[in-house]
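Values in this text are rule-based calculations from the coordinates and carry no lab data. Computed from a predicted model, the values in this text were never measured in an experiment. All Cβ positions, even for glycine, are placed from backbone atoms using ideal geometry, and neighbour counts span all protein chains on display.
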Amino acid sequence: MSTVSVIVPSYNSSATIARTLNALLRQTPELLEEIIVVDSSDDVKTKDLLKKYAGMIRVIHCGTKVMPAIARNRGAEQARAEMLAFIDSDAYPAHDWLVRISTAGRRVGRVGGGSVLLPEFQKNDPLALAQYYLQFNEYLPVDRVRRKKFVPSCNLYCEKALFVRAGGFPRIRASEDVLFGAAVSAFAPVMFDPEIRVHHIFRSHVPDFWSNQRLLGRYIWTYRRDAAGGWIYSPWAVIPLLPVLLTAKALRIAARILRHPEHRRPFLKALFLWTAGLIQWGIGFAQASLEPRTPARPAAAGTGERPDRKCVRPWGNYEVLHTETGALTKRIEVLPGMRLSLQKHAMRDEKWVIVSGRGTVTLGSRQWEVEPGALIEVPAGVLHRIHNTAGGPLIFIEVQLGAHLTEEDIVRVEDDFGRVPAPAAREYSPMMR
């Protein structure tokens, strides 16, 4: 049996993460390679609590209030096992969670997930029930193993090689599991096994519930607009059609829930709060449609990159700021402790300006420390890398100059993420640089 690396993103999670860790430590020892907590908390309580698990878990610190998607990617980068499992710090697994994941990975599919349940202490709480039936109505512990477009990131497994090939989770605050599902399904079907179970602890205050639903509504609109586009996502279409959209959504969810007799009474008990939450979701959806959007400009000749494009990488992320013929500008953010591959380019020069943070630059045989304001010139053909040696993000602006400015013009000789290809069979991963 292959082992599993479990990844838990954490932010100020002292109220819930002990349940998560205790349940993980009770899993079948032969299957548990490691528990990786990627923590970006700014409270002392969470940090002190995690110290109590020293020797039992790995803690990766990655700045403050880092997006869950980025935290999961960071954990995946450093995971040792060939199979990854993701769970949230406000969820805890069933006793046979890893056994079920291991079995599913061998017999069902290379990527998938399972059902979400309410914890025992929230089963009769209308507020928790309302959140449960709004957010996880597609993932009730019922029915058979089946294919899905995506599974929730609080109960997801994936082969590490497949995760890397799909590009990891996109750098977005919510709905990252939806977009990851769309990306990874190009390589393997996403499977849902209701026997892979986790319990999710829900918010206990109504304002927090409503705020989260507005957030989800905003990001649902964003990814649907980017994926589908068209007049239907313009404000003059969204606002008038919103009552129709919400009615259709409500009927679809209700039908999904009510066909299971054991869920009818709890759903009706939470109906008022559930309806209020759905309205808040609609408000977030409508608000997003009213926000101005800067249209993306096409790529300049010879670059293959578009402005406004953000890309997640194992070491952090970059954003294309500007392109024109012969020039491309990026904002690059390197996470604490991370470094880019030792690489060179055949067809371009680069200039870097350090904006914030500190690190170490390698350029040919030279190596030196850099801080904000430093300018580094990287000629074509010279090996180079940058390493974030500080406790916060290292941000710099990169200007590429040359006739061929694409991600394919990278030759790696060393890499922390296993991306140095064999000379005779060079492939370019979607997680380049």
Can you find, among Ser13, Pro207, Ala85, the residue farthest towards the positive end of the dipole of the chain? Put +1 on the C-beta of Lys and Arg, -1 on that of Asp and Glu. Pro207
State, as an integer percentage, the relative contact order of the chain based on alpha-carbon contacts under 8 Å between residues 6 or more apart. 14 percent
Of Lys330/Lys351; Lys123/Lys148; Lys123/Lys269, those spanning more than 18 Å from alpha-carbon to alpha-carbon: Lys123/Lys148
Sorted by Cβ density within 10 Å, fewest first, the residues Thr28, Thr46, Thr247: Thr247, Thr28, Thr46
Compute the angle between helix 68-78 and the longest alpha-carbon principal axis of the chain, please, reported from 0 to 90 degrees and rounded to the nearest 10. 60 degrees
Tally Lys and Arg at +1 and Asp and Glu at -1 over the other residues with C-beta under 10 Å from the C-beta of Gln131: what net charge comes out? -1
Rounded to the nearest 20 debye, what is the charge dipole size of segment 207-290 about its Cα centre when +1 sits on each Lys and Arg Cβ and -1 on each Asp and Glu Cβ? 280 debye
Using the Cα centre of the chain as origin and beta-carbon charges of +1 (Lys, Arg) and -1 (Asp, Glu), tell me which of Ile354, His61, Gly277 is placed farthest towards the positive end of the dipole. Gly277
By counting other Cβ atoms within 10 Å of each Cβ, how are Cys62, Cys311 ranked from fewest to most? Cys311, Cys62
Translational diffusion coefficient (Stokes-Einstein; Kirkwood radius from C-alpha pairs) of segment 1-116 at 37 °C, 0.692 mPa s, in µm²/s: 230 µm²/s
Projected onto the charge dipole of segment 44-136 (unit charges on the beta-carbon of Lys, Arg, Asp and Glu, signs +1, +1, -1, -1), the Cα from Val99, Asn73, Gly114 with the largest positive-side position is that of Asn73
Using modelled amide H (1.01 Å from N, peptide plane; none on Pro or chain starts), what sits under 5 Å from the amide H of Asp96, excluding residues fewer than 5 places away? none
If the cut-off is a Cα-Cα distance under 14 Å, which aspartates and glutamates reach Lys47, setting aside same-chain residues fewer than 8 apart in sequence? Asp39
Once a ≥ b ≥ c are taken as the square roots of the eigenvalues of the Cα gyration tensor of segment 4-203, is the result rounded (a/c under 1.5), prolate (a/b larger than b/c) or oblate (a/b not larger than b/c)? rounded
Determine the calculated [θ] at 222 nm for the chain from helices alone, applying -39500 (n - 2.57) to every DSSP H run no shorter than 4 residues and normalising by the residue count; nearest 500 deg cm²/dmol. -10000 deg cm²/dmol
Based on the alpha-carbon gyration tensor of segment 310-414, what equivalent-ellipsoid semi-axes (square roots of 5 times the eigenvalues) come out, in whole Å, largest first? 20, 16, 13
For Ser356, what charge total do you get from the other residues with a beta carbon under 12 Å from its beta carbon, if Lys and Arg give +1 and Asp and Glu give -1? 0
If each part is reduced to its alpha-carbon centroid, segment 11-78 and segment 249-269 end up apart, in Å, by 34 Å
For helix 206-228, report the angle its Cα long axis makes with the longest principal axis of the Cα atoms of the chain; keep it between 0 and 90° and round to the nearest 10°. 60 degrees
Cβ under 15 Å from Val184's Cβ, Val184 left aside: what net charge do those residues give with Lys, Arg +1 and Asp, Glu -1? +4
So how far apart, in nm, are the two label points at Asp208 and Lys269 if each is 7 Å from Cα heading toward Cβ? 2.0 nm
Which FRET efficiency value, to the nearest 0.05, do you get for His95 and Asp143 by plugging their Cβ-Cβ distance into 1/(1 + (r/R0)^6) with R0 = 25 Å? 0.70
Among (i) -0.53, -0.66, -0.99, -1.21; (ii) -0.21, -0.49, -0.95, -1.40; (iii) -0.28, -0.63, -1.09, -1.39, the value of log10 I(q)/I(0) by the Debye sum over Cα atoms at q = 0.06, 0.09, 0.12, 0.14 Å⁻¹ computed for this structure carries the label (iii)
About its Cα centre, the chain carries a charge dipole, from +1 on Lys and Arg Cβ atoms and -1 on Asp and Glu Cβ atoms, whose size in debye to the nearest 20 is 1100 debye
Rank these for me by crowding, Val184, Val355, going from fewest to most other beta carbons within 10 Å. Val355, Val184
Nothing charged except the Cβ atoms of Lys and Arg (+1) and of Asp and Glu (-1): what's the magnitude of the dipole of segment 1-122 about its Cα centre? Round to the nearest 20 debye. 140 debye
